[in-house]
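The structure appears right after this line, and notes come after that.
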Amino acid sequence: MTERLRISVRGLVQGVGFRPYVHQLATRRGLFGFVHNDAHGVVIEVQGEQLAAFVSELRNEPPTRSRIESLEIAAIPTQQAESSFVIRSSPPSDPSQTVIGPDLAPCEDCLAEICSPAARRYLYPFANCCHCGPRFAITRALPYDRARTTLADFPLCAACAAEYHDPLNRRFHAQPMACPDCGPRLSQPLSVVIERLRDGQIVALKGVGGFHLLCDATSEAAVKRLRDRKQRQGMPMAVMVPHVAAARRFAEVSDAEAALLTDARRPVVLLRKRKPDRLAPSVAIDLSTVGVLLPMSPLHELLFFEALGRPTDPCWREWPTELSLVMTSGNLHDQPLIIDDDDALAQLGDVADLVVTHNRPIAVRSDDSVLRLVAGQGMLIRRARGFVPEPIELPDELPPLLGLGGDMKATLCLTRGREAFVSQHLGELGSVESLRAYRETLAHFCRLLAVRPEAVVADQHPDFAARRVVADLDLPLYEVQHHHAHLSAVLAEHGRRGPALGLVLDGFGLGDDGTAWGGELLLVENGHCQRLGHLAPLPQPGGEAVARQPWRLATAVLAQLGLGREAERRFGRRWPVAALLGIVASERQSPATTACGRYFQAAAALLGLRDDESYEAEAAMVLESQVITPSVLPSGFRIRSGDGNVPDQLDLSPLWRALLDCGLCDGAALFHGTLAAGLTELVISALRRRGLSEIVLSGGCVGNQVLTESLVANLGRHGIAVLLPRRLPPTDGALSLGQVFTVAQQLAKRT
């Protein structure tokens, strides 16, 4: 019996090949009708005798990159005039309630095509299809059609148009598709790029979400030159290689890490270096890890194809090769990622020897995502290209809220119903240009998602720069304590409401008492937070100056131990230790902190690893790199129990004293292991008092693999489950989500 159904599909169903998939499915089942995008997702009208099989397959076997949130199915009158199933253009509509997919690396079919001399797209760096290619980076508005992307000014040639309209072609209704005859072009041949790189020169190359700076990763002279020109003296740089086998020449790659590397999102993956590691020493100075990524676009694949002499062997991507390229963000110090050609020529002209652009505009900047394997799974350190703008599904529907995030590792978050959209990593909001980029990103997300926030949620620190961006919105402003937001972000991504106990370990956050927190044991319930424990306070001589000068913290530790002369001996030749000792006891000049990140800095300075830092968390990263196997100092810590009104404290005084007599590796191992043991005892005591058996971990220090895996193992032996951040970083990059989730719970409780 012939019937007709109208099916409305909601979720991630635009930019993932959903309409071509529906067309092929309907045609295979002998059904008539049409499919088109609309403001809410995809609409299907389908008629015929195999509707049950069609709906079952649609529901259970959708395209790989899609995500169906709901199917609304209604029987409607049959139509007699139809003789086929067609894809229609998106009709004029109300504001969009759908979402676009992230940018993905080229599929195997597109890779084979650009490396085949007989193919029309041989050597074409902008090849893509329904299964791969740019999405978020090129989309200006929704619903997702070519006219609303940055390909709008590139009309399809006859050959591409034929592919676009061919239901059997993988480019059937692929919106970003193009070819050498009708699509974007590079400003320089790839042969010139490779020649310059082999000569030791620096190349600025426009990619998917912005510019990168490239050089030969095996040339110490080239890497040092890049560091000098970019004013990036210490921060590690990522390295791009053509395949996993090439990464294994200088890094250890487990099967799980190989899966992260080859994922279509193409993140940078932090891997342990081999010895010798075959890379220039300045790529990742004094670190045991190096960030590695595989090519994320046809352009980057063709760099290696060109360098290998355009091989005809179809297995060329498995060939052994020494070629590896530094891939660092194309921006100046403390400035946003560059996406505009003219800006690149103006700003990167003194950094790069060659600036290579292309004429496909970038709608929104997006840096590389960074992952590392922690406790058996990938943990995001930075969330951007390949992951954004995928929403976080929430346990409840929220009003439209805007979370501002923090000043470091900034993101913003917009809520829409039961979805939370966290922006790509926006860096540090320390300049006019970075604030402008933040404002542009906010406008883009509001436009893309058709969301007008009804309220703003900020960190309770009054001086965070993002507040200035929204000062003219004239919206209600709510505040959420920094570490409360950290904890709430993890609960939100796991669909939990609480109550929950959380351990938040980071570098700085303004506490409820006006002091600097960062090693906190918190209980959250109904949108409110109670401090149950923390690390023992550590003086910060000179206040914020300690952020990049670990010697100050180490001096404060020694002063607390009554070892001022030891501080003079260790640091007096380079730093004004005597003057600093004179202010350690002053609460005004040496405000206290409980931040775990400051503990790492103090330990690194005591062990002689870093007196000062050239980039954030350098001391902690170098300290972790010294650890082979963590160890525990017996009686290396004390728990000072509170009385219910006063939080418990973890005091590491015995450990500090022991570090004075340790070598680098032994001291780093002892610090990590003893800190983890002390935190474990702090957590277990609080859990038992409240009858709980799960702890949430968050904060930037949770990105430390040694510390987090030690905590997970320790707690697991006591039957304690650990909830870790997976879809968002443990860093301040998740604050914006935690802010809106917290306020939504508070508002719900009031009603």
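None of the figures in this text is laboratory data; all of them are computed from the coordinates on show. From a predicted model like this one, the values you see are computed outputs, not experimental measurements. All Cβ positions, even for glycine, are placed from backbone atoms using ideal geometry, and neighbour counts span all protein chains on display.
Sorted from largest down, give the three principal axis spans of the alpha carbons of region 95-152, whole angstrom values.
Its Cα atoms span 45, 20, 14 Å along the three principal axes.
With the cut-off at 1.5 for a/c, could you classify region 3-87 from its C-alpha gyration tensor as rounded, prolate or oblate?
prolate
Based on the alpha carbons, how large is the Rg to Rh ratio for region 409-479 when Rh follows Kirkwood?
Looking at region 409-479, the ratio lands at 0.93.
Determine, for 244, 740, 622, 504, the number of other Cβ atoms within 10 Å of each Cβ, and report the residues in order from fewest to most.
On the way: 244 18, 740 34, 622 22, 504 28.
Listed from fewest to most nearby Cβ atoms, that is 244, 622, 504, 740.
How many times 2.2 N^0.38 Å is the alpha carbon radius of gyration of region 541-650?
Scaled against compact globular proteins, the figure is 1.13.
Any idea what diffusion coefficient region 190-373 gets from Stokes-Einstein, in µm²/s, Kirkwood Rh on alpha carbon pairs, 10 °C, 1.306 mPa s? Please report the intermediate quantities before stating the final value.
Details: Rh = 16.5 Å.
Taking Rh from Cα pairs, D becomes 96 µm²/s.
Dipole size in debye (nearest 20) for region 3-87 around its Cα centre, Lys and Arg Cβ +1, Asp and Glu Cβ -1?
Magnitude of the dipole: close to 220 debye.
Quantify how much of the Cα-Cα distance distribution of the chain extends past 46 Å, in percent.
24 percent
Using only alpha carbons, build the gyration tensor for region 335-398 and give me the equivalent ellipsoid semi-axes, biggest first, whole Å.
Computed over region 335-398, the values are 33, 17, 9 Å.
Relative to the first principal axis of the alpha-carbon coordinates of the chain, what is the inclination of helix 18-28, with its axis defined by its Cα atoms, in degrees from 0 to 90 and to the nearest 10?
40 degrees
What is the gain in length, in nm to one decimal, between residue 350 and residue 78 on full extension, counting 0.36 nm per residue of separation less the C-alpha to C-alpha distance?
91.3 nm
Please find the FRET efficiency linking residue 28 to residue 86, where r is the Cβ-Cβ separation and R0 is fixed at 22 Å, and quote it to the nearest 0.05.
About 0.90, to the nearest 0.05.
Hey, if you drop one equal point scatterer on each alpha-carbon of region 482-563 and run the Debye formula without solvent, what base-10 log of I(q)/I(0) do you get at q = 0.17, 0.22 Å⁻¹?
Listed by q, the Debye log ratios stand at -0.73, -0.99.
Can you list, bin by bin at 10 Å, the percent of alpha carbon pairs in region 296-440, starting at 0?
9, 29, 32, 21, 8, 1
So what's region 632-703 giving for Cα Rg divided by 2.2 N^0.38 Å, two decimals?
1.24
Could you grab the Rg to Rh ratio for region 260-347? Cα atoms only, Kirkwood for Rh. Write down the numbers at each step before the final one.
On the way: Rg = 15.6 Å, Rh = 15.6 Å.
Taking Rg over the Kirkwood Rh, I get 1.00.
Mean 1/r over all different Cα pairs, inverted: what Kirkwood radius does region 461-513 give, in Å?
13.2 Å
Can you grab the distance from the C-alpha centre of region 251-276 to the C-alpha centre of region 44-84, Å, no decimals?
About 40 Å separates the Cα centre of region 251-276 from the one of region 44-84.
Taking the Cα centre of the chain as origin and charging only Cβ (+1 Lys, Arg; -1 Asp, Glu), how large is the dipole, in debye to the nearest 20?
520 debye
Please work out the C-alpha center-to-center distance from region 318-341 to region 7-39 and express it in whole Å.
38 Å
For Cα pairs less than 8 Å apart in space and 6+ apart in sequence, what is the mean separation divided by the residue count of region 203-337, i.e. the relative contact order in percent?
Reported as a whole number, the value is 39 percent.
Could you state the angle between the C-alpha long axis of helix 664-690 and the longest principal axis of the C-alpha atoms of the chain, as a value from 0 to 90 degrees rounded to the nearest 10?
Helix 664-690 sits at roughly 80 degrees to that axis.
Quick one: if you take sqrt(5λ) for each eigenvalue of the C-alpha gyration tensor of region 500-731, what semi-axes come out, biggest first, whole angstrom? Show your work: numbers first, answer last.
Values: eigenvalues 158, 76, 51 Å².
Gyration-tensor ellipsoid for region 500-731: 28, 19, 16 Å.
Can you tell me the orientation of helix 432-449 relative to the chain, as the angle in degrees between its alpha-carbon axis and the longest Cα principal axis, to the nearest 10?
Once rounded, the angle reads 40 degrees.
Let me know the Rg and Dmax you get for region 630-751 when you use only its Cα atoms, in Å.
When restricted to the Cα atoms of region 630-751, Rg and Dmax are 16.9, 59 Å.
If I take every Cα pair under 8 Å that is 6 or more residues apart in region 3-87, average their sequence separation and divide by the length, what percent do I get for the relative contact order?
That works out to 49 percent.
In the chain, which longest range has no trypsin sites (Lys or Arg not before Pro) that are both DSSP loop (not H, G, I, E or B) and surrounded by at most 10 other Cβ atoms within 10 Å?
1-572
For the cross-link pairs 230/409; 206/275; 206/273; 275/409; 409/749, which exceed 26 Å when the distance is taken from alpha carbon to alpha carbon?
Among 230/409; 206/275; 206/273; 275/409; 409/749, the Cα-Cα distance tops 26 Å for 206/275; 206/273; 275/409; 409/749.
Please give the length that would be gained between residue 228 and residue 8 if that part of the chain were fully extended, namely 0.36 nm times their separation in residues minus their C-alpha to C-alpha distance (nm, one decimal).
Length gained, residue 228 through residue 8: 73.7 nm.
Rounded to whole Å, give me the distance from the Cα center of region 167-214 to that of region 503-577.
If we compute the Cα centre of each part, the gap is 48 Å.
Along the positive direction of the dipole of region 238-282 (beta-carbon charges: Lys, Arg +1; Asp, Glu -1; about the Cα centre), which of 254, 282, 268 reaches farthest?
Checked the options; the winner is 282.
Could you please tell me the mean projected area of the C-alpha convex hull for region 162-234, averaged over all directions and given in square nanometres to one decimal?
7.2 nm²
Could you state the principal axis extents of the C-alpha atoms in region 204-288, from the largest down, to the nearest angstrom?
Dimensions of region 204-288 along the principal axes of its Cα atoms: 37, 33, 18 Å.
About the Cα centre, and with charges only on the beta carbon of Lys, Arg (+1) and Asp, Glu (-1), how big is the dipole of region 466-619? Nearest 20 debye, please.
560 debye
How far apart, in nm, are two points set 7 Å out from the Cα along the Cα-to-Cβ line at residue 665 and at residue 653?
Calculated label separation equals 3.3 nm.
Using only DSSP helix segments of four residues or longer, with each worth -39500 (n - 2.57), what per-residue ellipticity at 222 nm results for the chain after dividing by its residue count and rounding to 500?
-9000 deg cm²/dmol
What does DSSP give for the chain in terms of the percent of beta bridges that are antiparallel, rounded to the nearest 5?
In the chain, approximately 70 percent of DSSP beta bridges are antiparallel ones.
Can you tell me the alpha carbon radius of gyration of region 374-507 divided by the globular rule-of-thumb value 2.2 N^0.38 Å?
Its radius of gyration relative to the 2.2 N^0.38 Å reference: 1.03.
Which whole-number percentage describes the relative contact order of the chain, with Cα contacts under 8 Å and a sequence gap of 6 or more?
Here the relative contact order equals 11 percent.
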